[in-house]
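Below is one structure, written out as structure tokens, with a few remarks after it.
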Amino acid sequence: MSLAIILSRAQEGVAAPQVMVEVHLSGGLPGTHIVGLPEAAVREARDRVRVAIQSTAFEYPSRKVTVNLAPAELPKDGGRFDLAIALGILAAGGQVPRERLDACEFLGELALSGELRGVPGVLPALLRARARGRSIVVPRANASEAALVAGANVRVAGHLSEVCSWLRGGDDLPAPTPAIGVDDAPPLPDLADVRGQTKARRALEIAAVGGHHLLLVGPPGTGKTMLAERLPGILPPLGESEALESCAVRSVAGQRVDPGLWRRRPFRAPHHTASAVALVGGGSQPRPGEISLAHHGVLFLDELPEFSRHVLEVLREPLESGRIVISRAARQATFPAQFQLVAAMNPCPCGYAGDGQRTCRCTPDQIQRYRARISGPLLDRIDLVVDVPRVPLGELAAAPSEDSATVRARVLKARQHGLIRAGRANAEINPRELERDCALGAAERRWLEAALERLGLSARAYHRVLRVARSIADLDGGAPLLDRTHLAEALQYRRF
Ligand SMILES: Nc1ncnc2c1ncn2[C@@H]1O[C@H](COP(=O)(O)OP(=O)(O)O)[C@@H](O)[C@H]1O
Ligand SMILES: [Mg+2]
């Protein structure tokens, strides 16, 4: 029989749907046809595969070669199917035996020399292959991310000839070497470096407990960036499936997944000149943006009012849904985007409103317009707003503050309460669950309602205050009823 079928995987968002590479050899004019609506890149594969086969001391069939990539409607860009196509041609022509091909999937681009090149999106493909109980052969260049998936039957190869000699009954292809532990990773920035800022540090800790979005407001040089960078270090480490999800995004973005750092929460800090596509993803071959690269981690938007309005608008949907759907003409890709937002801004355009040392030169009107650049719906999603004032020189020289390990221990303990109660972070408590999870005594309810009325705050604000108070109460031992001290502190973090 001169038909061979080889399994491979396409890439669509962070999904890795199966692709069957069917190769048929027949009489007729010699030539190679690739069908199944492949894109230009797959047509180029024809030339790469032919030369790679010839360089590997095999014969390229002088018959009619028909390659069909099925199903037709999947995106089939890039060289990821080269290896599968080459093996299909060799198997159909009887140049390599088929026994080992059946239960195996193949991914990899071929260089003209026959060498295998790395491809993006190996991690999601591996996870699918594992779920189907198949083994998978991937390029050696992808070995470090391949090693992350425990229990996957992965083999790595550096050259087409290695794969062929294995198929011909030769030595087993090696498994990727396991990742080095997190312990070898360079340390994260530590909270011990941040002097003063007691209130902002407390807000950061509460944000870490509840997964609340946080806005830091203060003049330049007071430690806002320092604080934001220290949030990942007081959050719990990623669980295995969270880490794999977050690495899968990096994998499809074509970024290297560092085995020493893969359990760390991502921290992404796009510049305010970043385009909407860079931020949320897009492109004709949809690629993930910063919000997806920050999946299960922290997205830091410094100088929040400087981001374009359009860019801030497109953040709203993922902030609600935890994912982003990118639609392009004929296709759609979904990327996960559950991130914790930390934003920073100056109090006014010149940066010095309310600063003890320097005089602000902005008019009330300018200040008003500056703050209005951040839309209400975005602010509505930010549970905590805190001032980061200038630290007196004396405090800057003071002894080191509490370190991240100490704060993190408290955060982990407090987060347990939320996990036991609802299985998720307090920021995700929806209005229906508020009654149950943020219960108040009658006197406390009256007190809070009066306080909100006095401050002119909305019903939305009411929910936010309750969620933050819940996190404060969880730091305070996790009592089921919120008391007045929790509510009063939560009220302080409402500024707009
Ligand atoms: N509270 C602080 N404790 C220690 N160093 C600080 C503090 N605030 C500012 N600094 C110093 O000033 C630099 C700038 O701080 P940064 O966090 O970038 O300020 P901001 O983001 O508020 O403009 C830091 O690298 C650090 O050296
Ligand atoms: Mg800064």
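Among the residues of the stretch 346-384, the ones that are open to solvent by less than 80 Å² (accessible area, probe 1.4 Å), within 20 Å of Arg309 (Cα to Cα) and away from ligand 2 (no atom under 16 Å from the Cβ) come to 14 in all. Name the one entry in Ala152, Ala157 that is in the same structural domain as Asp82 (by TED's automatic domain parsing) and without any contact (Cβ under 8 Å) to a residue 40 or more places away in the chain. The unique qualifying residue is Ala152. Of the residues making up the stretch 66-88, just one is modelled with pLDDT under 95, β-branched (Val, Ile, Thr) and buried (at least 23 other Cβ atoms within 10 Å of the Cβ), namely Val67.
Scanning the stretch 124-134 for residues that are open to solvent by less than 20 Å² (accessible area, probe 1.4 Å) and over 24 Å from the mean Cα position of the chain (by Cα) yields no hits at all.
A Cβ distance below 8 Å, combined with a sequence gap of six or more or placement on separate chains, defines the contacts here; from the stretch 299-311, residues that are closer than 16 Å to Pro347 by Cβ reach residues that are away from ligand 2 (no atom under 15 Å from the Cβ) and in a helix (DSSP H, G or I) in the pairs Leu304/Leu312; Pro305/Tyr370; Pro305/Arg371.
On the stretch given as the stretch 293-310, residues that are more than 16 Å from ligand 2 (Cβ to nearest atom) and either under 16 Å from the mean Cα position of the chain (by Cα) or among the hydrophobic types (A, V, I, L, M, F, W, C) (or both) total 5.
Of the strands (runs of 3 or more DSSP E) that lie entirely inside the stretch 1-84, those containing 1 or more residues that are out of contact with any Leu (no Cβ under 9 Å at 6 or more places or on another chain) and closer than 23 Å to Gln95 by Cβ span 18-26, 31-35, 64-70.
Is there a residue being in a helix (DSSP H, G or I), over 22 Å from the mean Cα position of the chain (by Cα) and buried (at least 19 other Cβ atoms within 10 Å of the Cβ) anywhere in the stretch 319-328? Checking the stretch 319-328: not a single residue is in a helix (DSSP H, G or I), over 22 Å from the mean Cα position of the chain (by Cα) and buried (at least 19 other Cβ atoms within 10 Å of the Cβ).
Check the stretch 488-496 and report whether any residue there is at pLDDT below 90, charged (D, E, K, R) and in a helix (DSSP H, G or I). Within the stretch 488-496, none of the residues are at pLDDT below 90, charged (D, E, K, R) and in a helix (DSSP H, G or I). Number of residues in the stretch 338-364 that are away from ligand 1 (no atom under 15 Å from the Cβ) and of a type in the set (Val, Ile, Thr): the value is 2.
Identify, please: which residue in the stretch 437-461 is open to solvent by 10 Å² or more (accessible area, probe 1.4 Å) and under 26 Å from Leu412 (Cα atoms) and is, among those, modelled with the highest pLDDT? The selected residue is Leu440.
Taking the stretch 165-283 and the helices (runs of 4 or more DSSP H) fully enclosed by it, the elements with 3 or more residues that are within 16 Å of ligand 1 (Cβ to nearest atom) and open to solvent by 60 Å² or more (accessible area, probe 1.4 Å) are at 198-210.
Can you tell me which residues in the stretch 145-164 are among the charged types (D, E, K, R) and either crowded, with 23+ Cβ neighbours inside 10 Å or under 16 Å from Glu105 (Cβ atoms) (or both)? Talk me through it step by step, then tell me what you get.
Here is the first cut: in the stretch 145-164, the residues among the charged types (D, E, K, R) are 145, 155, 162.
Within the stretch 145-164, Glu145, Arg155 qualify.
Restricted to the stretch 370-409, and to residues there that are among the basic types (Lys, Arg) and within 17 Å of Gly218 (Cα to Cα), the residue that is nearest to the chain's Cα centre (by Cα) is Arg373.
Does Glu290 fit the bill of being within 16 Å of ligand 2 (Cβ to nearest atom), at pLDDT 90 or above and either assigned by TED's automatic domain parsing to the domain that holds Leu379 or not basic (Lys, Arg) (or both)? For Glu290, the condition - within 16 Å of ligand 2 (Cβ to nearest atom), at pLDDT 90 or above and either assigned by TED's automatic domain parsing to the domain that holds Leu379 or not basic (Lys, Arg) (or both) - is not met.
Among the residues of the stretch 435-456, which ones are outside any helix (DSSP H, G or I) and either over 38 Å from the mean Cα position of the chain (by Cα) or closer than 20 Å to Asp474 by Cβ (or both)? Reasoning before the result, please.
To start, the set of residues in the stretch 435-456 that are outside any helix (DSSP H, G or I) comprises 438-441, 456.
Scanning the stretch 435-456 gives Cys438, Ala439, Leu440, Gly441.
The values are calculated or read from the model by the stated rules, or taken from the named source; none is laboratory data. Computed from a predicted model, the values in this text were never measured in an experiment. Note: ideal-geometry Cβ built from the backbone for every residue, glycine included; neighbour counts use all protein chains shown. Heads up: the accessible areas ignore ligands, DNA and RNA and are worked out on the full protein's heavy atoms, side chains in. Shrake-Rupley method; radii C 1.70, N 1.55, O 1.52, S 1.80 Å.
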